[in-house]
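Bear in mind that the values in this text are calculations on the coordinates, not laboratory data. Note that the structure is a prediction, hence the values are computed from the model and not measured. Ideal geometry is used to build each Cβ from the backbone, glycine not excepted, and the neighbour counts take in all protein chains shown.
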Amino acid sequence: MPGFIHRMFGGESTRKRVGLLQEMYEKIQSPGSDLDNLWDRGCSDGWYNHSKSSSVRTFARWWPRSLIAHIGLELFLYMIVYYIIHIVYREVLNEDQQKEFSALVGYFASNLSPVGRDLAFLLGFYVKQIVGRWWDQYRSLPWPDKLPLLTHALVNYETENSMKFSKTISRYAMLSYVLCLRRVSKALKKMFPSDQSITDAKLATPNELSLIESQGDLGQIWWVPVRWAMTMVRKSKEKKTVSSDQKILIAALMEFQ
């Protein structure tokens, strides 16, 4: 089955994908490789063709995210009711009863069609509002790569500790992001289940976590690292790390607030 179908229904194996990428890189770096041009190096045909679902565990991960799992029960019940009515109409009802049933169906079809149009309009408006709210929430999430790009453009890397400045404010922003979203995101909570996992990922040092915990619960005062980053930006003009346009960095940090 083509790889895009597996990705569409959630059946792609992450472990196989990572293993395939490693195999591709080893093939590229090996001597005498036939992948000599840039286009071949970026070709994803092997990745797409390798996406296959061939195990029970893969099926168990695919099934909850599939379209069939979400509408399969309703579709099955609808088909049962439809064929029950069809069999009763064909096998149980006589000719006069079939005419009465057909007249009843024609009555509902002619009198309920305006209601159906209004109902379709209301449902479409409701779905549009729900999707619009979801899309606005998605767009309100900050992009982590925007802040490093801005620091690369604004920071004067000829000054002392300029590289440390750029890394620290990016790390503080991501630390606040993780502390805030892991309260509501199961995936992020699984990735960072404890404070030790945060220090292992080098998002924060033990001393920094101790300072935050001294002011309250980590999930409630997740904005403290962003405040630290803004203080660093404010002092950057005195140290000539960022000679001007500090407000651009502050605006980028405000997106994490």
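Quick notes on this one:
- For the stretch 226-257, the residues whose amide N sits under 14 Å from a probe point set 7 Å from the Cα of Val184 along the beta carbon direction are 256-257.
- ³J(HN,Hα), Karplus 6.51/-1.76/1.60, whole Hz, each residue of the stretch 171-179, x for Gly, Pro: 5, 5, 5, 5, 5, 4, 4, 5, 4
- The stretch 119-187 and the stretch 228-257 have their alpha-carbon centroids 17 Å apart.
- The translational diffusion coefficient of the stretch 214-255, from Stokes-Einstein at 37 °C and 0.692 mPa s with a Kirkwood hydrodynamic radius over alpha carbon pairs, comes to 292 µm²/s.
- Here the stretch 51-177 has an Rg and Dmax of 29.6, 96 Å, counting Cα atoms alone.
- FRET efficiency estimate (nearest 0.05) - Cβ-Cβ, Asn161 to Met191, R0 35 angstrom: 0.70
- ³J(HN,Hα) computed for each position of the stretch 215-227 - Karplus, 6.51 cos²θ - 1.76 cosθ + 1.60, integer Hz, glycine/proline x: 9, x, 5, 4, x, 8, 10, 5, 7, 4, x, 5, 5
- Net length gained if the chain between Lys99 and Lys235 were fully extended (0.36 nm per residue, minus Cα distance): 40.3 nm
- Peptide packing: for 124-132, 182-190, 143-151, the average count of neighbouring Cβ atoms within 10 Å per residue gives the ranking 143-151, 182-190, 124-132, highest mean first.
- 3J(HN,Hα) from dihedral phi, the stretch 184-190, Karplus parametrisation 6.51/-1.76/1.60, rounded to Hz, x for glycine, proline: 10, 9, 5, 5, 6, 5, 5
- Each listed q (0.11, 0.18 Å⁻¹) maps to a log10 I(q)/I(0) for the stretch 85-160, found by the Debye formula over equal Cα scatterers with no solvent: -0.64, -0.88.
- Pairs exceeding a 20 Å alpha-carbon distance, out of Lys202/Lys247; Lys146/Lys167; Lys146/Lys239: Lys202/Lys247; Lys146/Lys239.
- At q = 0.17, 0.24, 0.28 Å⁻¹ the log10 of I(q)/I(0) for the stretch 128-167 amounts to -0.57, -0.76, -0.89, computed by Debye summation with a single uniform scatterer per C-alpha, solvent ignored.
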